[in-house]
Amino acid sequence: MTQGTAPRRNPLAFVEAEVEELKAKHLYRPLRVMSAAQGPVTVVDGREVISLSSNDYLGLTHHPRLREAALRAIGEYGVGSGAVRTIAGTMTEHEALEAELAEFKGVEAVLTFQSGFTANTGVIPTITGEQDLIVSDALNHASIIDGMRLSKAPRKVFPHADVAALREILHEAAEKGRPDGSGPYRLILVVTDGVFSMDGDIAPLPGIVEAAEEVGAAVFIDDAHASGVLGRDGRGTVDHFGLKGRVDIQVGTMSKAMGVLGGYVASTQALRDFMTQRARPFLFSTSHPPADAAACREAIRVMQAEPWRIERLWASTKRFKAELTRLGFDTGRSETPITPVIVGDSEAAIRFSGRLFEEGVFATSVVFPTVALDQARLRTIVTAALSDEQLDRALEAFDRVGRELGVIAA
C-alpha cells in the first residue's frame, strides 16, 4: 500500500475498550435525558417519574420570583457577560450578588465562581504551596481532591470524621514542621465537607474547629449540600453549629438549594482580592450570565421570606427516612435530606434503580469509583417540593421492588 493510503490507526481505541469494560463490570450508567422542567414530577427518557435525584432541595428552580428576576436581567443585560471578569465581564449583578451573599453568610467578602467545583479548584491551589500542609477528611468531595492535586502542598488524610486522628496529625505537624527541616509550615489548612454528598452525614465541625485552633490551623469547609439546608434560613453548617468567625473559608453553591448555578468562596476581603488576581478558574473562564446572578440574588431573598420551604424539606426527610428504615432498608449514617439506600453490589444497585424507574420513581444508582465497591447504593434526596402523596407512591415502589429483588426481606 502506497504512502498516504494506509488506514489511519485510531489512537483513542483504548477508550472504547475502557467503556466496554465498564459495561461488563456493570459500572456503566447511561445518561438519562430530562424533557420537562426540574421538579418533584418530571419526564425522564420519555417517562413521567417522581424524582428523588434532584439537588433542588427547596424547589426554587421554577420559582416565579427567580424566573422574573432572570427575565428582567436578560432584558437589561442580554444573555451573556461576554468576557472573563478581569477583562470586561464584571457586571453590577455580579458585584451585588457577592455583597448580598457576604451579608447572608456573615463574612467580609465573597467571590463567585462558575460552579462549586471551580470554587474549590480555584481557592485551594491559590492559597497553598510547597511550604504549607493540607489535612483532608478521607471522604471529601472530588472537587476538593482535585483542588488538592492542583496544589504543590503536601497533604495528609484523616479517617472520616475522626477528630482524634485529626488532632494527632495537626499536633505532629505543628511540632515537627516541614519534613525537610526548613521550619514550620506557613499554613496548615484543614479541609472538610459540611454535609458529605454520598452518605448525608454532617461533619463534626465543632471538634474540627477546636483541634485546628489548638495549633493555629485554618479551617476550610465545602458547604455545597448544607447551603439552604442547615442553619438559619439555610446559612449552612457554620451557622448550624454557632461557629461564626471561627471557620476561615466557606465554599458554597448556588446550583443546589438556591436552584440556579454557580459556586462561591466566603471569607475575608483580603482573600477575595487575592483570588481575583491569582485564582485560575476566575481568571480564565467567562463570568456568569447576568440572568443567573439576578436569579441567585432573588433566591437569597426567597429563602429568608419563605422559611416554610426548609421546614417542609426536613419534615418530609424525617418521614421518608423513618419509613425506609421501617421497611428494612439500610440508609447508613445519613442525617440530612441526602438518604442513601445501600445495596452493596453494583449490579444489584443498577438493577434496583432500573426497576424503580419502570415503576415511575427516578432514584439514581451510585457505584464504584464514586463509592467503594461494596457500598453501591441508590442516592435519594427528598425536596421541599414533593407532596405527601408523591412520597407515599415512591415508598410503595421501594417496598414492592425491594422485596421483588431481595434487597429487603419479602
Exercise. Could you tell me whether any residue of the stretch 324-335 is outside any helix (DSSP H, G or I), outside the structural domain of Ala88 (by TED's automatic domain parsing) and among the hydroxyl-bearing types (Ser, Thr, Tyr)?
Key: yes
Exercise. Please work out which residue is surrounded by the fewest Cβ atoms within 10 Å (Cβ to Cβ), limiting yourself to the stretch 1-38 and to residues that are over 30 Å from Leu386 (Cβ atoms) and touching a helix residue (DSSP H, G or I) at 6+ places or on another chain (Cβ under 9 Å).
Key: Asn10
Practice problem: Just need a number here: residues in the stretch 39-54 that are assigned to a loop (DSSP other than H, G, I, E, B), over 23 Å from Met198 (Cα atoms) and in contact with a helix residue (DSSP H, G or I) (Cβ under 9 Å, 6 or more places away or on another chain). | Solution: 1
Quiz item: Residues Asp233, Asp239: which one is within 28 Å of Ala165 (Cβ to Cβ), touching an Asp or Glu at 6+ places or on another chain (Cβ under 9 Å) and either assigned to a strand (DSSP E or B) or modelled with pLDDT of 95 or more (or both)?
Solution: Asp239
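Would the stretch 371-380 turn up any residue that is assigned to a loop (DSSP other than H, G, I, E, B), free of Cβ contacts under 8 Å to residues at least 24 places away in the same chain and over 30 Å from Glu68 (Cα atoms)?
Pass one, the stretch 371-380, residues assigned to a loop (DSSP other than H, G, I, E, B): 371-372.
Now restrict to residues that are free of Cβ contacts under 8 Å to residues at least 24 places away in the same chain: 372.
After this cut, where a residue has to be over 30 Å from Glu68 (Cα atoms) as well, the list is 372.
There is at least one residue in the stretch 371-380 that is assigned to a loop (DSSP other than H, G, I, E, B), free of Cβ contacts under 8 Å to residues at least 24 places away in the same chain and over 30 Å from Glu68 (Cα atoms).
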Self-check item: Matching entry among Ala363, Ala349, Ala372 (being in the same structural domain as Leu313 (by TED's automatic domain parsing), in contact with a Ser or Thr (Cβ under 6 Å, 6 or more places away or on another chain) and modelled with pLDDT under 95)
Solution: Ala349
Quiz prompt | In the stretch 89-124, residue nearest to Ser285 (Cα to Cα) [restricted to those that are free of Cβ contacts under 8 Å to residues at least 40 places away in the same chain and not polar (S, T, N, Q)] | solution = Glu95
Exercise. State whether the residues of the stretch 271-278 include one that is modelled with pLDDT of 95 or more, in a loop (DSSP other than H, G, I, E, B) and under 17 Å from Gly89 (Cβ atoms).
Key: no
Quiz item: Is there a residue being over 30 Å from Gln304 (Cα atoms), out of contact with any Cys (no Cβ under 9 Å at 6 or more places or on another chain) and assigned to a loop (DSSP other than H, G, I, E, B) anywhere in the stretch 113-129?
Solution: yes
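Listed residues Ser287, Ser227, Ser197; which is touching a Gly at 6+ places or on another chain (Cβ under 6 Å), closer than 18 Å to Thr317 by Cβ and either touching a residue at least 24 places away in the same chain (Cβ under 8 Å) or outside the structural domain of Val163 (by TED's automatic domain parsing) (or both)?
Exactly one of Ser287, Ser227, Ser197 is touching a Gly at 6+ places or on another chain (Cβ under 6 Å), closer than 18 Å to Thr317 by Cβ and either touching a residue at least 24 places away in the same chain (Cβ under 8 Å) or outside the structural domain of Val163 (by TED's automatic domain parsing) (or both), namely Ser227.
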Self-check item: Members of the stretch 338-361 found to be crowded, with 24+ Cβ neighbours inside 10 Å and either over 18 Å from the mean Cα position of the chain (by Cα) or closer than 16 Å to Leu27 by Cα (or both), listed by number
Solution: Val341, Val343, Ala349, Phe352, Ser353, Leu356, Val361
Quiz item: In the stretch 62-81, is there at least one residue being hydroxyl-bearing (Ser, Thr, Tyr) and without any contact (Cβ under 8 Å) to a residue 24 or more places away in the chain?
Solution: no
Self-check item: Pairs where the first residue, in the stretch 4-24, is hydrophobic (A, V, I, L, M, F, W, C) and the second is in a loop (DSSP other than H, G, I, E, B) and surrounded by 10 or more Cβ atoms within 10 Å (Cβ to Cβ), C-beta under 8 Å, 6+ apart
Solution: Val19/Tyr28; Leu22/Tyr28
Quiz item: Do you know which residues across the stretch 76-112 are under 22 Å from Val302 (Cβ atoms) and outside any helix (DSSP H, G or I)?
Solution: Met91, Gly106, Val107, Val110, Thr112
Quiz prompt | Selection status of Ser81, within 30 Å of Ala37 (Cα to Cα), under 17 Å from the mean Cα position of the chain (by Cα) and either surrounded by fewer than 23 Cβ atoms within 10 Å (Cβ to Cβ) or of a type in the set (Ser, Thr, Tyr) (or both) | solution = no
Quiz item: Would you call Glu335 of a type outside the set (S, T, N, Q) and farther than 24 Å from Ser81 by Cβ?
Solution: yes
Self-check item: Qualifying positions in the stretch 183-194 - hydrophobic (A, V, I, L, M, F, W, C) and either in a loop (DSSP other than H, G, I, E, B) or in the same structural domain as Val341 (by TED's automatic domain parsing) (or both)
Solution: Leu187
Exercise. Return yes when Ala410 is without any contact (Cβ under 8 Å) to a residue 40 or more places away in the chain and not in a helix (DSSP H, G or I) and no when it is not.
Key: yes
Exercise. Could you please let me know if Leu170 is touching a strand residue (DSSP E or B) at 6+ places or on another chain (Cβ under 6 Å), in a helix (DSSP H, G or I) and not assigned by TED's automatic domain parsing to the domain that holds Thr331?
Key: no
Practice problem: Could you grab me the full set of residues in the stretch 122-154 that are surrounded by fewer than 17 Cβ atoms within 10 Å (Cβ to Cβ), within 15 Å of Phe220 (Cβ to Cβ) and among the charged types (D, E, K, R)? | Solution: Asp146
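The values are calculated or read from the model by the stated rules, or taken from the named source; none is laboratory data. Predicted model only: the values in this text are computed from it and were never measured. Don't worry about glycine lacking a Cβ; one is built from the backbone with ideal geometry, like all the others, and counts go over all protein chains shown.
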